[in-house]
Each structure stands twice: as C-alpha cells, then as structure tokens.
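Participant: The following block contains the structure, expressed as structure tokens.
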Amino acid sequence: MEAQRDRSAWLKGPSATCRVPAHETERPWRLILLGAPGVGKGTQAQLLADRLGACHLSTGDVFRAAKCAEEKELSPAMAAALDYMRRGELVPDPTVLAMVKERVGCLRCRGGFLLDGFPRTVAQAEALRDLLTRESLELDGVLDYELPIDEIVSRLSGRRTCGSCKAVFHLTTMPPKVAGVCDHCGGALLQREDDRPESVRVRMEAYARSTAPLTEFYRQAGKLIPISAEGSPEEIFQRTLTALGAKGA
Ligand code: AMP
C-alpha cells in the first residue's frame, strides 16, 4: 500500500534510504503519467501505486518537500530549482534533469515506477530515454489522460480547498456537509486563484504549448496509451487497468 511505503530516496535524494521500500515485484511496471491539470492524474497515480506496487514519483512533490528543508540540506541542483520556483517559473530542463539523475536509484527500484510531472518537455523526454537506455530499463508505456477542456474547467472551478488544513472538496462531486465549511477542521473553504475558469483556460493553453508535443514524441516511440479521463476515478482506473492488460498486465 502507498500509505505504508516511504519515498525518502525520491523526496530527499541519494543521501536518504526508504525505510519501507516498494516491494520487489515479479513484474515491475515502469510508466509515465501525462495529462493536463484537472484530469485526475494524481488520483490515478495513487490507485496505480497501490495496485501495481510501484512508487508514485512526482517531481512537483520533490520540489515541495525541498521548500520545507533547511538551506544547508539542499544539493546545489535543488537550491537552484527553488530559486526558479519562488519566481513562479518552470524549472529549467538541466536543473530538473540533474535532480532526476541524482535519484536514478528510484528508477532502478525493483518495484517499478510511476513518473508524474516528469518529463514535461521533449528535451526532458529525450534525456529520460537516454538515461533508461544506459540503465537497461524498459519503459512499459505512457498513460495519457484525455479530457475535453470544458469538462476540465468545470472540474477545477468546482474545487474548494480548506484554508487551514488544505483538505480538498468539490461543489458537485464531493461537497462539504455545510456549504463553505471544512468537514475536518471547520476552516473556511476557498477557491484557489488558479482554479477560476479564466485562469484554468490560461493554464490549459500553457499545458498545450509545453507538454502536448510530448504525446507526439511518445506516439512515435510506440509508447503512448491514450485513456479517456471522463467518469468517476474508479471508472478511469478500470479503463487504465484494461489498457495495461492489453500490454500484458
Ligand atoms: P506539479 O506538482 O507537477 O504541478 O509541479 C509543481 C511545480 O514544480 C511546477 O509548476 C514547476 O515549477 C516545478 N516542476 C515540476 N516538475 C517539473 C518539470 N518536469 N520541469 C520543470 N518544472 C517542474
């Protein structure tokens, strides 16, 4: 189970060892998850991690964990990345690649991996391909979660987050018991600035520009597995398992 695994080696880098590593599995799955913000990629990554026994390796999580670390604990690559993040920019390719290379042990893990948030550009995808080739690791596939933009806007614009404990609700699919109030701590529920419909459309355009070329890269490599992200998380998950089954799950 994901909850019982620890991802120290991924979150903290090579100086850390996972206390509870992913189980060594007979069939380690090595997958990349692609999809625009709001398609439910994070939820699918959790469900897949539990089912396949592979760790959910999110580059965004590494940067968020590093933000909480002390300055002296940070590697030079990570300190540079945080400077870009603080300015609200995408971290440049060489910095992201240095960070992933420091964590190559997680790619070698006998439990497999589910990469989320990386690669984000074709240059990162080419570098990952070369890294996996050097390590004699085969990528099983790239799950590409697809959803019409109007559905993404409606999903994200209904999302509400507790200002105190950060729990996430949704006006239609997961409403709080009392409107505007967190079920867990009683805090006020707020809409994230970047979840407003006009901001969502801007984020989608940015995603299409920077990340969509990746789908073409992986289609040409014969690795792309398109999955419809319509319906409930369980329906999407079943669709994912069926698609992986077709590849020998
Ligand atoms: P995420 O949680 O994947 O949305 O990532 C949060 C932030 O981390 C992004 O807005 C970027 O600043 C940075 N980041 C994460 N992964 C990458 C990547 N592969 N390339 C560049 N920046 C990244």
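Participant: Only residues that are among the basic types (Lys, Arg) and closer than 30 Å to Thr172 by Cα: list them for the stretch 113-157, please.
Facilitator: Arg155 - this is the single residue of the stretch 113-157 that is among the basic types (Lys, Arg) and closer than 30 Å to Thr172 by Cα.
Participant: Moving to a separate point now. Would you pick out the residues in the stretch 92-140 that are over 17 Å from the mean Cα position of the chain (by Cα), under 23 Å from Asp6 (Cβ atoms) and of a type outside the set (A, V, I, L, M, F, W, C)?
Facilitator: Once the filter is applied, which keeps residues that are over 17 Å from the mean Cα position of the chain (by Cα), under 23 Å from Asp6 (Cβ atoms) and of a type outside the set (A, V, I, L, M, F, W, C), the stretch 92-140 yields Lys101, Glu102, Gly105, Arg108, Arg110, Gly111, Glu135.
Participant: How many residues, within the stretch 24-49, are over 30 Å from Pro197 (Cβ atoms), surrounded by 16 or more Cβ atoms within 10 Å (Cβ to Cβ) and not aliphatic (A, V, I, L, M)?
Facilitator: 3
Participant: Which of the numbered conditions does Glu126 fail, given that it passes all the others? Conditions: (1) within 16 Å of Ser210 (Cβ to Cβ); (2) within 12 Å of the ligand (Cβ to nearest atom); (3) not in a loop (DSSP other than H, G, I, E, B).
Facilitator: Tallying (1) within 16 Å of Ser210 (Cβ to Cβ); (2) within 12 Å of the ligand (Cβ to nearest atom); (3) not in a loop (DSSP other than H, G, I, E, B), Glu126 fails exactly one: (2).
Participant: Taking the stretch 16-32, which residues are of a type outside the set (A, V, I, L, M, F, W, C) and at pLDDT below 75?
Facilitator: Correct list: Arg19, Pro21, His23, Glu24, Thr25.
Participant: Could you please find all residues in the stretch 134-164 being in contact with a Leu (Cβ under 9 Å, 6 or more places away or on another chain), within 26 Å of Leu189 (Cβ to Cβ) and of a type in the set (D, E, K, R)?
Facilitator: Arg155, Arg159, Arg160
Participant: Just to be sure I understand the filter: pairs with C-beta atoms under 6 Å, separated by 6 or more residues or on different chains, first member in the stretch 52-68 and among the hydroxyl-bearing types (Ser, Thr, Tyr), second member within 10 Å of the ligand (Cβ to nearest atom) and assigned to a strand (DSSP E or B). Which pairs pass?
Facilitator: Matching pairs, first to second residue: Ser58/Asp116.
The values are calculated or read from the model by the stated rules, or taken from the named source; none is laboratory data. Owing to the predicted nature of the structure, the values given are computational and were not obtained by experimental measurement. For neighbour counting, all protein chains shown are included, and Cβ atoms are generated from backbone atoms with ideal geometry for every residue, glycine included.
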